[in-house]
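One structure is given below, encoded as structure tokens.
Bear in mind these aren't lab numbers, they're just calculated from the coordinates by the rules spelled out. Keep in mind the model is a prediction, meaning the values are calculated, not measured. Note: ideal-geometry Cβ built from the backbone for every residue, glycine included; neighbour counts use all protein chains shown.
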Amino acid sequence: MTPEAKRDRAACIRECAAGFSDAVARTLIELAEGLEAEANELERAAAEQPLNRPPLA
């Protein structure tokens, strides 16, 4: 899943959390925070990867 997809899913989960009791909402928000952390980690890892470019002639 791409970082953007993870963030979209996290946003949907946060919106849904509003309709639940506090305990359930907290669990959903923790899930959303985990997805956002995964998205950040994916972007960080991608930024650290060297570009796969062919050598210059």
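How about region 20-33: which of its residues are surrounded by 12 or more Cβ atoms within 10 Å (Cβ to Cβ) and either of a type in the set (A, V, I, L, M) or in contact (Cβ under 8 Å) with a residue 12 or more places away in the chain (or both)?
VAL24, ALA25, LEU28, ILE29, LEU31, ALA32, GLU33
Has region 11-19 got at least one residue that is surrounded by 15 or more Cβ atoms within 10 Å (Cβ to Cβ), assigned to a helix (DSSP H, G or I) and in contact with a Phe, Trp or Tyr (Cβ under 9 Å, 6 or more places away or on another chain)? Spell out the reasoning first.
Taking region 11-19 first, the residues surrounded by 15 or more Cβ atoms within 10 Å (Cβ to Cβ) are 13-14, 17.
Still in the list and also assigned to a helix (DSSP H, G or I): 13-14, 17.
Filter once more, keeping what is in contact with a Phe, Trp or Tyr (Cβ under 9 Å, 6 or more places away or on another chain): none.
Within region 11-19, not a single residue is surrounded by 15 or more Cβ atoms within 10 Å (Cβ to Cβ), assigned to a helix (DSSP H, G or I) and in contact with a Phe, Trp or Tyr (Cβ under 9 Å, 6 or more places away or on another chain).
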